[in-house]
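The values are calculated or read from the model by the stated rules, or taken from the named source; none is laboratory data. Just so we're clear, the structure is a prediction, and the values are computed from it rather than from any experiment. Here the Cβ positions follow ideal geometry from the backbone for every residue, glycine too, while neighbour counts run over all protein chains shown. To get the accessible areas, we keep the full protein, side chains included, count just its heavy atoms, and leave off ligands, DNA and RNA. Shrake-Rupley method; radii C 1.70, N 1.55, O 1.52, S 1.80 Å.
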Amino acid sequence: MPAELIKIYPQNPDERRIRQVVDCLRDGGLVIYPTDTVYGLGCDIYNSRAVEKIARIKGVKPQKNDFSFICYDLSHIADFAKVGNAAFKVMKKVLPGPYTFILEATSSVPKLLNTNKKTVGIRVPDNPIPRLVVKGLGNPIVTTSIKDDDEIIEYSTDPELIFEKFQHQVDMVIDGGYGGNIASTIVKADSEYFEIIREGLGDTSVFL
């Protein structure tokens with residue numbers, strides 16, 4: 001059955017629609033949603049079958065995945081990652097925002113997502129839609145970027161075109177308006193040091 005395309009306005013998210021997305025994720029569904037950077041593909045982090053489906057779509061083995069996940073806020077992050085004082089101060093300044101922080105994982109991270117690296121990527125995007133979904137679900141969702149086959153345009157930005165492409169692979173696509181085409185800045189945050197792994201939309205001067 002093709003996916004459902006639902007419209008949610010970031011400026012005024014409809015609670016009923018957010019609940020619809022939450023119910024889909026609780027049932028093991030895959031959802032494509034907007035963030036503050038590019039559109040993401042996700043599922044409930046505790047649903048291993050859904051995580052495996054996303055790995056198949058991305059063409060990677062579940063155990064070798066490089067997926068991050070979305071938390072609602074900074075206090076939520078502490079449940080899944082160890083955050084040092086220096087990292088906390090900076091994260092407090094820049095989140096919600098277009099950053100993915102690579103942090104040491106805690107035992108709360110599901111084994112499929114906590115690969116041999118013992119680290120986890122965490123996002124708190126500056127877009128209310130995925131954050132309200134996470135809040136309603138009660139735990140984080142997987143996030144991995146929707147890539148385009150086009151060699152020039154790396155990320156799809158039009159939700160209707162995304163729906164056309166993925167409607168038979170996912171359960172729901174949220175139309176939250178046009179997305180960006182620059183991914184998040186990835187920062188590895190050790191106890192006192194920051195390492196820029198990928199420069200994306202976020203300002204990197206805060207880590208120097």
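Length gained on full extension, residue 197 to residue 11, computed as 0.36 nm times the residue gap minus the Cα-Cα distance: 63.8 nm.
In this calculation the C-beta distance from residue 190 to residue 60 is compared with R0 = 41 Å, giving a FRET efficiency of 0.95. Under 5 Å from the amide H of residue 5 lie the amide H atoms of 173, each residue being 5 or more positions distant or on a separate chain, with H modelled from the backbone and absent for Pro and chain starts. Counting only heavy atoms of the protein chains and using a 1.4 Å probe, residue 126 has close to 100 Å² of accessible surface. For the set 88, 101, 194, the ranking by accessible area, highest first and with no ligand, DNA or RNA atoms included, is 88, 194, 101 under a 1.4 Å probe. The string of couplings for the stretch 37-49 from the Karplus curve (6.51, -1.76, 1.60, θ = phi - 60°) is 10, 9, 5, x, 10, x, 7, 5, 5, 8, 9, 5, 5 Hz, one whole number per residue in order, with x for Gly and Pro.
Largest GNM mean-square fluctuation among 99, 193, 46, using the chain with Cα springs under 10 Å: 193. Within the accessible area of the chain, the carbon and sulfur atoms contribute 47%, probe 1.4 Å, all protein chains present.
Taking all protein chains together and a probe of 1.4 Å, list 204, 185 from the most accessible to the least accessible. Numbers along the way, then the final one.
On the way: 204 30, 185 0 Å².
Putting 204, 185 in descending order of accessible area: 204, 185.
Counting only heavy atoms of the protein chains and using a 1.4 Å probe, residue 144 has close to 20 Å² of accessible surface.
Couplings 3J(HN,Hα) of the stretch 122-130, computed from phi: 10, 10, 10, x, 8, 8, x, 4, x Hz, in residue order, whole Hz [Karplus 6.51 cos²θ - 1.76 cosθ + 1.60, θ = phi - 60°; x for Gly and Pro]. Each of residue 1 and residue 88 was given a label point 7 Å from its Cα along the Cα-to-Cβ line. The distance between the two points is 4.6 nm.
Remark: spin-label model distance residue 107-residue 206 equals 3.2 nm, labels positioned 7 Å along the Cα→Cβ axis. What FRET efficiency comes out for the pair residue 49/residue 164, r = Cβ-Cβ distance, R0 = 22 Å, nearest 0.05? That gives a FRET efficiency of 0.30.
For residue 52, the accessible surface of its heavy atoms amounts to roughly 70 Å² (probe 1.4 Å, protein chains only, rounded to the nearest 10). Residues 93, 7, 82 ordered from highest to lowest accessible area at a 1.4 Å probe: 93, 82, 7.
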